Amino acid sequence: MGVDDYIRLGQVSIQTAIMVSAPVLLFGLAAGLLVSIFQAATQINDAALAFIPKIGAAVVGLVLFGHFMITQISGFTTWVYQQIPSLSP
């Protein structure tokens with residue numbers, strides 16, 4: 001296995017991590033932004049008000065995109081296991 005193979009493994013790993021984490025992070029970002037706008041408009045500064053909607057948004061993201069995330073992870077795992085035979089000298 002050469003340097004190019006290790007670089008490809010790193011690229012695919014980072015791509016998979018981004019694809020799997022993006023839905024939950026984007027839902028949390030959107031919820032945080034909406035709560036921040038609401039807090040700025042009403043001048044309510046409560047930490048729980050910012051935290052609870054983000055958790056709810058993350059759960060919604062997991063429910064909506066859970067199948068996609070599992071498919072990405074299982075595809076990456078299958079690809080990594082298929083690369084094992086090329087490790088032998």
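Values in this text are rule-based calculations from the coordinates and carry no lab data. The structure displayed is predicted, hence computed values, not measured ones.
Could you work out [θ]222 nm for the chain from helices alone, using -39500 (n - 2.57) per DSSP H run of at least four and dividing by all its residues? Round to the nearest 500 deg cm²/dmol.
-31500 deg cm²/dmol
Take the Cα radius of gyration of region 3-87 and divide it by 2.2 N^0.38 Å, with N its residue count; two decimals is plenty.
Details: Rg = 18.4 Å, N = 85, 2.2 N^0.38 = 11.9 Å.
So the Cα radius of gyration is 1.54 times the expected 2.2 N^0.38 Å.
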